[in-house]
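Values quoted throughout were computed directly from the atomic coordinates according to the rules given, and no laboratory measurement underlies them. No experiment lies behind these values; they were computed from the predicted model shown. So basically every Cβ, Gly included, is an ideal-geometry build from the backbone, and we count neighbours across all protein chains shown.
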Amino acid sequence: MPACSSGVKLANMRRGAAQQEVDRTRPSLTAIQGLVHDVLDSVLAHMGAVLEADVPFINEVSFHLQRMRGKLFRPALLALANRTEERPDDREVALGAVIEIIHMATLVHDDSIDRSSMRRGRPTLNSRWGHKVSVIMGDYLYSRAMTEITRIGDLELIELAARVTNDLTIGEMVEIAHHGQLVEDPRQYFFLIEKKTASLISTACEMGAVIGAREQREPLKEYGRRLGMAFQLIDDLMDYGGEQAVMGKPVGTDLREGQVTFPLLAVLPHLSPAERRCVNAVFDPQEQATSDDIQRIVDVVRERGGIEATRRVAREYADRAREALVGLPSTPAREVMDAAVDYVLARDR
Ligand code: FPP
Ligand code: MG
């Protein structure tokens with residue numbers, strides 16, 4: 001019996017899914033998941049089965065993680081890509097579980113590295129059980145995912161999974177290497193977000209193509225990569241409060257963690273000498289940045305147009321993601337993948 005089989009149904013996604021209109025003015029994740037809601041239910045159940053262990057402590061930690069579950073955005077994209085042609089391949093459930101478990105593993109390790117205490121409203125593994133458990137549980141998740149994809153037995157898919165986990169580790173190592181440094185070259189930033197975020201979204205789409213729409217492999221892979229770039233840019237913009245900053249909502253976490261993201265990079269060349277000194281001070285290892293210092297930089301980034309500049313670049317990636325879909329057969333799946341672009345752009349609204 002899968003550990004997550006009860007209480008994890010995606011019932012709220014069931015609303016006449018296939019016929020459901022996608023509202024482009026208010027794109028919701030529910031609408032995007034709608035077409036593949038039954039696949040996502042099966043992915044959740046399959047994840048429970050894949051992670052089941054003979055060791056009660058592993059099941060306890062694993063159950064905590066499954067209750068912390070995310071939006072299944074990547075498995076949804078994999079299933080949609082798989083529906084680009086006429087007959088979807090049923091390996092989408094196992095592959096969706098593999099992709100989501102890899103995603104989980106990266107977040108477990110990332111939270112431990114970042115010393116984050118909460119994720120998705122629940123305590124992280126490192127805050128609840130400590131870093132030793134995070135390290136090994138991340139390894140457990142990753143090794144279960146690799147065992148499962150090996151069971152599927154297609155070398156091409158195994159290679160994709162191996163390559164993407166390697167990319168994710170490269171991304172994280174670059175982030176660690178840049179920690180606390182004012183790295184001003186935007187190419188470094190784009191390299192980093194491609195490795196740490198776009199790679200997995202792209203691989204989800206590419207796997208969907210490999211099993212169900214082989215001829216569309218390149219466009220679907222590119223769609224995922226560009227969508228992933230837009231996704232991370234919007235994430236980084238949200239850390240500066242998004243378009244309409246909400247009073248009392250925490251901002252500046254990336255800065256506090258010593259990370260330079262695009263909203264700051266976009267305004268750096270336009271700062272006054274006094275503003276530039278503030279930024280330099282936050283990255284000066286001799287200085288101890290206070291909350292006021294961080295807030296000051298958030299304010300400067302907002303005043304100097306860092307939010308708009310980031311949104312512009314995200315929109316460029318988003319437009320190019322849509323372009324990648326142009327040659328695909330006209331199907332409900334293509335329509336939903338197009339709507340997923342709107343959803344990604346509107347995440348901060
Ligand atoms: C979140 O970044 C981090 C990632 C998306 C990638 C993390 C990758 C690793 C830790 C490599 C390990 C790989 C395996 C296979 C175990 P973030 O800190 O910007 O996002 P956040 O705000 O959600 O924490
Ligand atoms: Mg983090």
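Between the stretch 65-94 and the stretch 129-204, the C-alpha centres lie 19 angstrom from each other. Here, the stretch 40-122 is characterised by an Rg to Rh ratio of 1.03, where Rg is the alpha-carbon radius of gyration and Rh the Kirkwood radius.
Does the stretch 233-317 come out rounded, prolate or oblate, given a ≥ b ≥ c as the square roots of the eigenvalues of its C-alpha gyration tensor, rounded meaning a/c under 1.5 and, failing that, prolate meaning a/b above b/c? Here the stretch 233-317 falls in the prolate category. Placing dummy labels 7 Å off each Cα toward the beta-carbon, the span from S28 to R128 is 2.8 nm. Given R0 = 25 Å, the distance between the Cβ atoms of D38 and T147 translates into a calculated FRET efficiency of 0.50. Label-point separation (nm) for S116 and A162, each offset 7 Å from Cα along Cα-to-Cβ? That separation, rounded to one decimal, is 2.9 nm. Once the Cβ-Cβ distance of F63 and H270 is raised to the sixth power relative to R0 = 51 Å, the FRET efficiency obtained is 0.55. Taking every DSSP helix (H) stretch of at least 4 residues in the chain, weighting each as -39,500 (n - 2.57) and dividing the sum by the residue count yields a mean residue ellipticity at 222 nm of -20500 deg cm²/dmol. Under 5 Å between amide hydrogens, built in the peptide plane, is the criterion, and for R119 it picks out T124 among residues at least 5 positions away or on other chains.
Placing one equal scatterer on every Cα of the stretch 280-334 and applying the Debye formula, the log10 ratio I(q)/I(0) at q = 0.20, 0.22, 0.24, 0.30 Å⁻¹ is -0.80, -0.87, -0.93, -1.06. Restricting the stretch 118-153 to trypsin sites (Lys or Arg not before Pro) that sit in a DSSP loop and have at most 13 other Cβ atoms within 10 Å of their own Cβ leaves R120. Using only side-chain charges placed at the Cβ, +1 for Lys and Arg and -1 for Asp and Glu, the dipole size of the chain relative to its Cα centre rounds to 660 debye.
Computing Rg and the Kirkwood Rh from the Cα coordinates of the chain gives a ratio, Rg/Rh, of 0.97.
Helix 291-303 and the long axis of the chain differ in direction by around 80°, with both axes built from C-alpha atoms. Under 18 Å from a point placed 7 Å out from the Cα of D185 along the Cα-to-Cβ direction: which residues of the stretch 252-272 have their backbone N that close? Flagged as within label range: 260-262, 265-266, 268-269.
Computed extension length for E215-D292: 22.4 nm, one decimal, from 0.36 nm per residue of separation with the Cα-Cα distance subtracted.
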